[in-house]
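First comes the structure, then the notes that go with it.
The values are calculated or read from the model by the stated rules, or taken from the named source; none is laboratory data. Model, not experiment: these values are computed from the prediction. Reconstructed Cβ throughout: ideal geometry from the backbone, glycine too, with neighbour counts over all protein chains shown.
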Amino acid sequence: MEASQRIDYRLVSPYVRYVHRIEMPAGSRMADRHIFDYEFIFVVRGEGRLRLGERVHAMKGGDLFYVRPHLSNAMEVTGTQPMDCFAVHFDYLYLGEGHEFSPYAVYLEQGTQEGAGRLRDRPAVEPLGLDVPEAIAAGDVKGFYETFKELNACFARSGIGAALQLKSAMLRLLGLVYEELMTREGVRIGHPHADTVLEAIQYMEAHYAERIDAPLLAGRAGFTPKYFGTLFRQATGVTVSAYLLRLRMERAKHLLAQRRLSVEEVGARVGIADLYYFSKLFKKTEGMSPSRYASSVAWPAE
């Protein structure tokens, strides 16, 4: 198995391999298995247990579970009623024919089994900043239920249109997962220093046009720069400098779209007075120059 790889969230283009809804009778147990892609399991109703490696999670209606590749797992129904759940197998992006496999042959044991060695070597690719725990008690239960229903319906259809709608529904599911885990500002909910990091972000939002760096924010919080930088990255998934750059570029795009200021003036307004450096950073993050961006979002006068 190759080491896990992390990609920018903007590169995520989920490839959905298999979706199904299953009702497991009371007292039933699913045989031990290994999966080779990612899987979300959403419990609609019923009670059970899910073993992931050496860890065991209780299952009930409204719970969401995340199974990573190359992990032994098993599921059983513990209540007196059947357990109804959805499951979706996917990759965060299409890995190419060399890493493709049939879910029917591998997971449902229909047809020819594929080479286990080749599947064990499949890379595990996940987005940066989206560290999904194995178990989530969903807050937006209705949102998850409706999205899984849509995934199931799209998977049952054929054609390019259905495939694109399937990808779109999977992106909405990932968005719901992100919102369960993170605040509006992108701080991980439940992080022990979430308040400290949120205060630093609020300071950046109010003073992004000024000189800001990790030592300044660390001093305000009463931590050393190294320790504060570690806390910030744990809570947001990015460094202080990366977060500040993203904030400045978002403000710059807003100003450029208004077409009232020159590119140089926009750079100065967001704290990057050097025109060449501002243009270089903008092109690196947005894929085009500031002037081209301004032209692309401008609407002709009525």
Expected single match for in a loop (DSSP other than H, G, I, E, B), of a type outside the set (S, T, N, Q) and not assigned by TED's automatic domain parsing to the domain that holds A268 among G129, G175 is G129
So which of F101, F144, F90, F148 is within 22 Å of the chain's Cα centre (by Cα), of a type in the set (F, W, Y), outside any helix (DSSP H, G or I) and surrounded by 14 or more Cβ atoms within 10 Å (Cβ to Cβ)? F90
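For (1) surrounded by 14 or more Cβ atoms within 10 Å (Cβ to Cβ); (2) free of Cβ contacts under 8 Å to residues at least 12 places away in the same chain; (3) of a type in the set (A, V, I, L, M), each residue gets a yes or a no:
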| site | (1), (2), (3) |
| --- | --- |
| S4 | no, no, no |
| R10 | no, yes, no |
| R17 | yes, no, no |
| I22 | no, no, yes |
| G27 | no, no, no |
| I35 | yes, no, yes |
| I41 | yes, no, yes |
| L50 | yes, no, yes |
| V56 | no, yes, yes |
Name the residue, out of A235, A273, A294, A214, that is in contact with a helix residue (DSSP H, G or I) (Cβ under 6 Å, 6 or more places away or on another chain), of a type in the set (A, V, I, L, M), farther than 27 Å from L198 by Cβ and modelled with pLDDT under 95. A294
Within segment 157-172, which residues are out of contact with any Ser or Thr (no Cβ under 8 Å at 6 or more places or on another chain) and in a helix (DSSP H, G or I)? I160, G161, A162, A163, L164, Q165, L166, S168, M170, L171
Checking the condition among the aliphatic types (A, V, I, L, M), surrounded by 15 or more Cβ atoms within 10 Å (Cβ to Cβ) and more than 18 Å from the chain's Cα centre (by Cα), which residue from V197, V177, V187 passes? V197
Look through segment 276-291, keep the residues that are small (G, A, S) and not in a helix (DSSP H, G or I), and return whichever of them is modelled with the lowest pLDDT. G287
